[in-house]
Amino acid sequence: MKLTGLLEQNQLHLSFEVFPPKTSTLFEDVKQATEQIAALRPSYISVTYGAGGGTSEYTLKIAENLLKTIHVPTLAHLTCVSSTPQTIRERIRAMQNAGIENVLALRGDLTPELASADRNRLDYRYAVDLIRELKSSGADFCIGGACYPEKHPESENTVEDIRHLKEKVDAGCEFLVTQMFFDNNLLYRYLYRIREAGIHVPVIPGIMPITNANQVDRAIRLSGSFMPTRFRSLVDRFGSSPAAMKQAGIIYATDQIIDLYANGVRNVHVYTMNKPDVAAAIMSHLSDILKEGSAL
Ligand code: FAD
């Protein structure tokens, strides 16, 4: 099922993200965790692509398994910055053969080598180059892209970032998934700005439940997200107690989701990080809201 069909429906949706294993020895464990998450019947599941493409083969295996065994729509991530056109064309063929209909087209993070290299020599400098390649391949994918309510860390300013986002949409990106954020007001302001800039495709906010204190610094470092005082207090107070921190993190994320739904957002994506218990807790907290939302 193409995600655009799903995103246009007049009802509330909740989707989850999983990531592939780094080695073959972990494959069965990860496969099992993703199947448990899929069994909760989210609207779709996205499967990330290992940085630099190292685990690309597993992205496809996990996505294909969820699609064909559990029958949950899937979104396969694909990055391009460290790839050659030949590799990308092989990936496109492999995705088609696996029955993948939805692709999140990403640039990928720059490794230190790539960051210091002459970027003009790269085959794919930006996600928009991958979107153009996907479109010209003749494959009938529904293509999504990433966006950043607090701007991408490499961008000089939000205006520039949104200008480049518009290029992705104009190139054929049909929906956008946001970077994590911990203050919904940032999302609402961002939505206003991108709509003003002429970007009208569906935007799916990405919510990350922080379930242990160690995750906090890493998440903030990678995403550059603003940490509201309310959330920082919660980490300071419960961070040293794993069970309490987990509960507080899940409830904080659930609260963000409820606020988004209450303010007119219909689709929310949760970075569930291969944790079936976290996905199940969020789904359970939202069960009546999602039921009610299916009759909107
Ligand atoms: P782009 O859209 O290319 O943007 C990157 C930067 O370049 C931005 O600052 C942008 O403003 C700028 N830019 C874009 N076009 C131009 C232009 N023409 N001229 C000048 N500047 C330009 N990484 C993974 O490795 N695997 C994953 O599975 C993965 N999944 C992700 C899912 C989501 C929802 C998000 C938000 C991120 C994900 N990432 C993933 C991380 C992502 O690869 C990084 O954030 C990466 O640094 C940027 O990718 P992008 O597709 O947003 O890049």
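The values are calculated or read from the model by the stated rules, or taken from the named source; none is laboratory data. What you are looking at is a predicted structure, and each value in this text was computed from that prediction instead of being measured. Glycine also receives a Cβ, built like all others from the backbone with ideal geometry; neighbour counts cover every protein chain displayed. Note: areas computed on protein heavy atoms with side chains; ligands, DNA, RNA excluded. Shrake-Rupley method; radii C 1.70, N 1.55, O 1.52, S 1.80 Å.
Judged by the gyration tensor of its Cα atoms, with axes a ≥ b ≥ c, the chain is rounded; a/c sits under the 1.5 cut.
Taking trypsin sites (Lys or Arg not before Pro) as exposed when their DSSP state is a loop state and no more than 16 other Cβ atoms lie within 10 Å, the longest site-free interval of the chain runs over 126-296.
Counting Lys and Arg as +1 and Asp and Glu as -1, what is the net charge of the other residues whose Cβ lies under 10 Å from the Cβ of V47? Cβ neighbours under 10 Å give a net charge of -1. Counting only aspartates and glutamates at least 8 places from K61 when in the same chain, those with an alpha carbon closer than 16 Å to its own are E17, E28, D29, E35, E90, E101. Our coupling estimate for the stretch 74-83, obtained by passing each phi through the Karplus curve with A = 6.51, B = -1.76, C = 1.60 and θ = phi - 60°, is 10, 10, 8, 7, 8, 10, 10, 4, 9, 10 Hz, Gly and Pro reported as x.
Electrostatic bookkeeping for F27 treats Lys and Arg as +1 and Asp and Glu as -1; over the other residues with beta carbon under 14 Å from its beta carbon, the sum is -2.
Oblate is the label for the stretch 226-266, because the ratio a/c of its alpha-carbon gyration tensor axes (a ≥ b ≥ c) is 1.5 or higher and a/b is not greater than b/c. Given axes a ≥ b ≥ c from the Cα gyration tensor, I'd like to know whether the stretch 1-83 is rounded (a/c under 1.5), prolate (a/b larger than b/c) or oblate. Oblate, because a/c is 1.5 or more while a/b does not exceed b/c. A cut-off of 5 Å between modelled amide H atoms, ignoring neighbours fewer than 5 places along the same chain, links N274 with F19. When shorter helices are ignored and each DSSP H run of at least 4 residues is given -39500 (n - 2.57), the per-residue value for the chain at 222 nm works out to -14500 deg cm²/dmol. Taking every C-alpha pair closer than 8 Å and separated by at least 6 residues, the mean separation divided by the residue count of the stretch 185-279 gives a relative contact order of 40 percent.
Taking amide H as placed 1.01 Å from N in the peptide plane, I207 has its amide H under 5 Å from the amide H of H269, V270, Y271, each at least 5 places away in sequence or on another chain. Computed from backbone phi, the HN-Hα couplings of the stretch 138-153 come to x, 6, 9, 8, 8, 9, x, x, 9, 9, 9, x, 10, 6, 5, x Hz, rounded to whole numbers (Karplus: 6.51 cos²θ - 1.76 cosθ + 1.60, θ = phi - 60°; Gly and Pro given as x).
Convex hull of alpha carbon positions in the stretch 165-296: directionally averaged projected area 8.9 nm².
In this structure E133 has an accessible area near 30 Å², from a 1.4 Å probe over the protein heavy atoms.
If you bin all the Cα-Cα distances of the stretch 59-120 at 5 Å, starting from zero, the percentages per bin are 4, 16, 24, 20, 14, 10, 7, 3, 1. Across the stretch 116-202, Cα-Cα pairs farther apart than 19 Å form 43% of the total.
Separation of the stretch 272-296 and the stretch 189-219, taken as the distance between their Cα centroids, equals 19 angstrom.
Which links in K22/K68; K68/K168; K2/K135; K151/K275 stretch past 19 Å when you go from one Cα to the other?
Details: K22/K68 22 Å; K68/K168 30 Å; K2/K135 15 Å; K151/K275 28 Å.
Distance filter (> 19 Å) returns K22/K68; K68/K168; K151/K275.
All other residues whose Cβ lies under 15 angstrom from that of V216 are scored, Lys and Arg at +1 and Asp and Glu at -1, for a net of +3.
Near the amide H of L75, within less than 5 Å, lie the amide hydrogens of I45, S46, V47, all on another chain or at least 5 residues away, with H placed in the peptide plane. Residue by residue, the stretch 272-283 carries 3J(HN,Hα) couplings of 7, 6, 6, 10, x, 5, 5, 4, 5, 5, 5, 4 Hz when phi is fed to the Karplus relation 6.51 cos²θ - 1.76 cosθ + 1.60 (θ = phi - 60°); x denotes Gly or Pro.
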